[in-house]
Amino acid sequence: MGDSHTWTAAPTAAEHARSVTAAAWSCAVTSEGGKEEFLGAHRVEADGGILLTVPEDSGLRTAALCAPRGEPAAVLEFADVAPVPVRARIRARLWLAGWFTAREEHLLFRPTRMVLRRASGAVLVDLDEYAAAAPDPLAEAEARLLTHLADCHPDAVERLSRLMEHGHLRGAVRVRPLAVDRHGLTLRVERTRGHGDVRLAFHRPADDVAQLTERIHVLLAQAARACGARALPHVKGNGG
């Protein structure tokens with residue numbers, strides 16, 4: 001069982017949902033034509049609508065042609081997967097129920113209901129808030145940023161773990177970067193049995209990679225000051 005999660009200075013559910021749809025590479029669609037998975041086939045409109053490119057032989061395209069008024073009902077599912085290998089790698093799932101309409105060679109999906117399930121539980125996302133929200137400015141760069149941190153700077157991950165309360169590291173065998181957004185960095189603490197997540201909030205939001213670098217340096221400076229304050233158990237910052 002994981003630890004309780006502290007989501008201080010975190011994105012709203014609507015912002016998280018927009019980030020998931022913007023950054024996801026795959027999308028599963030369930031309709032009367034069955035269930036299909038599309039890779040690299042969707043893009044998100046400014047108002048949150050999802051434009052999907054489907055092949056001619058797709059069951060979804062057939063459903064769109066045969067549905068009353070050409071508007072088939074469907075459920076879209078997106079998985080928010082941690083780019084760094086960790087236990088329980090799926091960080092969240094997003095389900096959108098709604099309707100497709102044809103737009104030239106594409107299908108445009110408009111949601112009528114949206115549910116986001118995170119480690120803290122499921123939440124119904126307000127559709128107006130979702131339409132007005134913007135994806136996190138780091139969402140599309142997150143995979144590159146976290147894998148670089150994990151693979152090239154495991155020592156920095158270990159130093160950042162010094163900012164956790166001592167109890168979070170009890171029994172820890174590995175600490176890995178799990179997520180990053182404009183508001184903070186989340187670390188996954190893995191133990192022999194179970195795991196937990198700890199969020200390190202930035203002193204102010206980061207709107208681009210340059211600002212993120214500065215925010216991480218501030219956290220590392222705080223960790224350096226905390227280094228002599230208490231002894232820490234040895235934990236691994238990488239897969240070794």
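The values are calculated or read from the model by the stated rules, or taken from the named source; none is laboratory data. Remember, predicted model here, so these are calculated numbers, not experimental data. Don't worry about glycine lacking a Cβ; one is built from the backbone with ideal geometry, like all the others, and counts go over all protein chains shown. Side chains are part of the model used for accessible areas, which takes the heavy atoms of the whole protein and leaves out ligands, DNA and RNA. Shrake-Rupley method; radii C 1.70, N 1.55, O 1.52, S 1.80 Å.
At a glance:
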item: Test for LEU60: is it in contact (Cβ under 8 Å) with a residue 12 or more places away in the chain, in contact with a helix residue (DSSP H, G or I) (Cβ under 9 Å, 6 or more places away or on another chain) and open to solvent by less than 30 Å² (accessible area, probe 1.4 Å); result: no
item: Test result for THR21, open to solvent by less than 40 Å² (accessible area, probe 1.4 Å), modelled with pLDDT of 90 or more and within 16 Å of the chain's Cα centre (by Cα); result: yes
item: Scope the range 184-212; condition crowded, with 21+ Cβ neighbours inside 10 Å and not in a strand (DSSP E or B); matching residues; result: ALA206, LEU212
item: Per-region count, the range 155-208, residues within 16 Å of LEU138 (Cβ to Cβ), in contact (Cβ under 8 Å) with a residue 12 or more places away in the chain and charged (D, E, K, R); result: 5
item: Lone unmet requirement of (1) modelled with pLDDT under 95; (2) closer than 12 Å to PRO135 by Cα; (3) surrounded by 16 or more Cβ atoms within 10 Å (Cβ to Cβ) for ALA14; result: (1)
item: Selection status of LEU51, farther than 29 Å from GLY194 by Cα and either open to solvent by less than 40 Å² (accessible area, probe 1.4 Å) or within 17 Å of the chain's Cα centre (by Cα) (or both); result: yes
item: All positions within the range 79-115 that are in contact (Cβ under 8 Å) with a residue 40 or more places away in the chain, surrounded by 13 or more Cβ atoms within 10 Å (Cβ to Cβ) and over 27 Å from VAL157 (Cβ atoms); result: LEU94, LEU96, PHE100, HIS106, LEU107, LEU108, PHE109, ARG110, PRO111, MET114
item: Strands (runs of 3 or more DSSP E) contained in the range 37-155 and holding at least 2 residues acidic (Asp, Glu) and touching a strand residue (DSSP E or B) at 6+ places or on another chain (Cβ under 9 Å); result: 73-81
item: Unique match (being within 30 Å of ALA74 (Cβ to Cβ), touching an Asp or Glu at 6+ places or on another chain (Cβ under 8 Å) and aliphatic (A, V, I, L, M)) among ALA122, ALA131; result: ALA131
item: Residues of the range 142-183 satisfying the condition of being among the aliphatic types (A, V, I, L, M), open to solvent by less than 40 Å² (accessible area, probe 1.4 Å) and more than 25 Å from SER19 (Cβ to Cβ); result: LEU169, ALA172
item: Members of the range 25-35 found to be in contact (Cβ under 8 Å) with a residue 24 or more places away in the chain, under 15 Å from ALA79 (Cβ atoms) and either surrounded by 19 or more Cβ atoms within 10 Å (Cβ to Cβ) or touching a Gly at 6+ places or on another chain (Cβ under 7 Å) (or both), listed by number; result: CYS27, VAL29
